[in-house]
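The values are calculated or read from the model by the stated rules, or taken from the named source; none is laboratory data. Being a predicted model, the structure only gives us computed values, none of them experimental. Every residue, glycine as well, gets a Cβ built from its backbone with ideal geometry; the counts of neighbours run over all protein chains shown.
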Amino acid sequence: MSTYYYLVAGLPDLSLDDGKLSYTVDSFKAELYPFLTAGDQKLVDLFYLKYDNRDLLALLKDKEAVTSGRGCFSGEELLALVETVRNGDTVDKQFPPYLAAFVADYLTLAPEDLYTAEDRLAAGYYAYGMACGNRLVADWFEFNLNMGNVFAALTARKYKREVADVIVGDNAVCEQLRTSNARDFGLGEELDYFNAVQRIAEMDELVGREKQVDLLKWNWLDNASFFNYFTIERLFVFLQQIDMIERWISLDKESGSDLFRLMIRQLKEQVQIPEEFRK
């Protein structure tokens, strides 16, 4: 297992420039990503693929759409993927299989079924992440899938909708949500975060609810990575937390700054940096 003493020890203190973080999701990719092993880069790619998912959906709707450029592939590469699949040619191995499979699926959808495209892509993305072979990263994808589905199921029940119609993916929790009539879908004991999700789902104030969701994610990441110090898991968690803070700081500079300071402090307190790597 690769260790990254220099990268963890060199993580910056917070500095703000015109309300922006000095360390962002984009700077992580530019400054830290090149120093990772090829295998660890593939794990980090799982994070950035979410931008490719959004770009691909946009390009399938409009090939002239402006893409974010934040993912693993350019807009031109994604368009080339679409044409390759459309023509039945062999897809370049650089593309994750779920992307090509989704494009093939999308191209067969009837117009009235196009609204399901985002959920179909999400299902493939989560399945791909859960099969990555890294315990923490796979568990993170499953946690997000399950949490999102529990929220969707609770909301569907609240508004008298068919629960099965809003569930994304295919695992044991998905099946339980689709078929159970129990108040807690039979998951109250199986998912230790079920009650927390249920409490959040009952909140009326949207911003407060979003903050509680991110706090739940944050705590999950801290707990899951507690014994990971200088490994890719630690950097993967750092990236996920930067992503959350970056989103909140764009909405609320003060609270985002406080959370980012807390993240940096906790990260440095949780690891013991070998003497030879200290500055």
Could you give every pair whose Cβ atoms fall below 8 Å, whose first residue belongs to region 30-55 and is in contact (Cβ under 8 Å) with a residue 24 or more places away in the chain and under 20 Å from Gln241 (Cα atoms), and whose second residue is loosely packed, with under 15 Cβ neighbours inside 10 Å and of a type in the set (Gly, Ala, Ser), counting only separations of at least 6 or pairs across chains?
Leu36/Ser2; Asp40/Ser2
Go through (1) more than 30 Å from Asn228 (Cα to Cα); (2) in contact with a Pro (Cβ under 7 Å, 6 or more places away or on another chain) and name the single condition Arg183 misses.
(2)
Helices (runs of 4 or more DSSP H) wholly inside region 1-90 that include at least 3 residues being of a type in the set (D, E, K, R), at pLDDT 95 or above and within 30 Å of Tyr115 (Cα to Cα):
38-61, 75-87
Name every residue in region 163-193 that is more than 24 Å from Arg120 (Cβ to Cβ) and among the small types (Gly, Ala, Ser), in order of residue number.
Ala182, Gly186, Gly188
Got a number for residues in region 212-238 being assigned to a helix (DSSP H, G or I) and over 30 Å from Tyr159 (Cα atoms)?
11
From Arg209, Arg261, Arg278, Arg234, grab the single residue that is under 22 Å from Ser2 (Cβ atoms), of a type outside the set (Phe, Trp, Tyr) and at pLDDT 60 or above.
Arg234
Note: among Val85, Val137, just one is outside the structural domain of Glu233 (by TED's automatic domain parsing), under 22 Å from Trp218 (Cα atoms) and either exposed (fewer than 13 other Cβ atoms within 10 Å of the Cβ) or of a type in the set (Val, Ile, Thr) (or both), namely Val137
Go through region 151-198 residue by residue and tally those that are of a type in the set (Lys, Arg) and loosely packed, with under 13 Cβ neighbours inside 10 Å.
3
